[in-house]
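Reading through the structure tokens given below for one structure.
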């Protein structure tokens, strides 16, 4: 009998979809045809008629993504509060809409990789399929601001990539048996399976990009949408060899390519969107980018010390990430692009020690989360009770039962 796991994501920022795809790949490799792993775009479910796009010419997430591309992040704290208030106001309608979806698609396990909607996701699943195991996997290093990810009062698993997130879940009243610690953020399997690149191959690849082997090289990346901040970074680091990955931001790539290299300055390689970020990280010695949990975790996984930013433009959900870099000794945190030259100089002054600290971090989260999904599948083998007629305001049916030691990390590979 084929079992079904639904992984819920949306396209705001790209990290949620990337985590869902990574987990899907590992689960499908493990189980083959015995398990159907479906990616569920929440926005496509909530707007199945695509009314928002037809009305505005863009998807709902595009508003957010375009702001990221332009660096217009000031004010997002207040906007996030408005979004959360809107989700609370629309809760009954959201539950009814999602309940109909789950009743039709009949998943055995539902895993959320998104924030803000986890209460209505859980209640709608339980209303449609009472007893269906659910889990929320944080793709941020902490629940910032509160209730961004963690909603207490639900019998679902909360999967945390840091001790900070674990303590937040417990402080919000989540039962300890429902709190699971894994070793970091979910990364694509490619970040765990990359073949070592020897010195000769690395030198040849750098030369192919027009760069000089043996010269310290920084990789600059601001997520899939890029950021115009990268122009300021390139101007601020004329003597530093850089690989600049612009993602889908074609205008940024064009402007970076047109940026003159001063006489005696270091070469730059400008790339658009590439699925092979692993390869370019293998060519770099350090990483520069926004404090996004995915990009920071990818860089650390590849042995790159990081230089990131913390200021009033930092998005609320990413503010803990800069603190995490400091706490773990993984690189430099600077207040602005104006300070980046000093941060790079400090890092390069002791680059070997910084790289050694980063190599001490071992992230196996994608496999550990897959282990937890397997445990949820075992629980899902019990017959589902028949759903009972109820309004969206009614308390959902939930199940309990003995569970393994939730706070112990899953076995590493």
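The values are calculated or read from the model by the stated rules, or taken from the named source; none is laboratory data. Keep in mind that what you see is a predicted model, and the values were worked out from it rather than measured. Note: ideal-geometry Cβ built from the backbone for every residue, glycine included; neighbour counts use all protein chains shown.
For region 153-181, the tally of residues that are in contact with a strand residue (DSSP E or B) (Cβ under 6 Å, 6 or more places away or on another chain) and in contact (Cβ under 8 Å) with a residue 60 or more places away in the chain stands at 7.
Kindly evaluate residue 341 against the criterion of being modelled with pLDDT of 95 or more, surrounded by fewer than 19 Cβ atoms within 10 Å (Cβ to Cβ) and in a helix (DSSP H, G or I). Give the derivation first.
Numbers: modelled with pLDDT of 95 or more: yes; surrounded by fewer than 19 Cβ atoms within 10 Å (Cβ to Cβ): yes; in a helix (DSSP H, G or I): yes.
It is true that residue 341 is modelled with pLDDT of 95 or more, surrounded by fewer than 19 Cβ atoms within 10 Å (Cβ to Cβ) and in a helix (DSSP H, G or I).
Going by the structure shown, is residue 115 modelled with pLDDT of 95 or more, within 28 Å of residue 188 (Cβ to Cβ) and part of a loop (DSSP other than H, G, I, E, B)? Before the answer, list the steps.
On the way: modelled with pLDDT of 95 or more: no; within 28 Å of residue 188 (Cβ to Cβ): yes; part of a loop (DSSP other than H, G, I, E, B): yes.
So residue 115 fails the test.
Looking at region 213-239 only, could you name the residues that are in contact with a strand residue (DSSP E or B) (Cβ under 6 Å, 6 or more places away or on another chain) and over 21 Å from residue 291 (Cα atoms)? Show your work before the answer.
To start, the set of residues in region 213-239 that are in contact with a strand residue (DSSP E or B) (Cβ under 6 Å, 6 or more places away or on another chain) comprises 215, 217-221, 230, 233.
Scanning region 213-239 gives a single hit, 215.
Out of (1) modelled with pLDDT of 80 or more; (2) exposed (fewer than 15 other Cβ atoms within 10 Å of the Cβ), the odd one out for residue 57 is which? Here residue 57 clears every test but (1). Just a yes or no: is a residue in region 326-335 over 21 Å from residue 361 (Cα atoms), assigned by TED's automatic domain parsing to the domain that holds residue 231, surrounded by 20 or more Cβ atoms within 10 Å (Cβ to Cβ) and more than 16 Å from the chain's Cα centre (by Cα)? Within region 326-335 (the criterion being over 21 Å from residue 361 (Cα atoms), assigned by TED's automatic domain parsing to the domain that holds residue 231, surrounded by 20 or more Cβ atoms within 10 Å (Cβ to Cβ) and more than 16 Å from the chain's Cα centre (by Cα)), the answer is yes, since at least one residue qualifies.
For region 63-112, taking the residues that are under 20 Å from the mean Cα position of the chain (by Cα) and over 27 Å from residue 247 (Cβ atoms), the one that is modelled with the lowest pLDDT is identified as 84. Every condition in (1) under 22 Å from residue 179 (Cβ atoms); (2) modelled with pLDDT of 95 or more; (3) not in a loop (DSSP other than H, G, I, E, B) holds for residue 378 except the one numbered (2).
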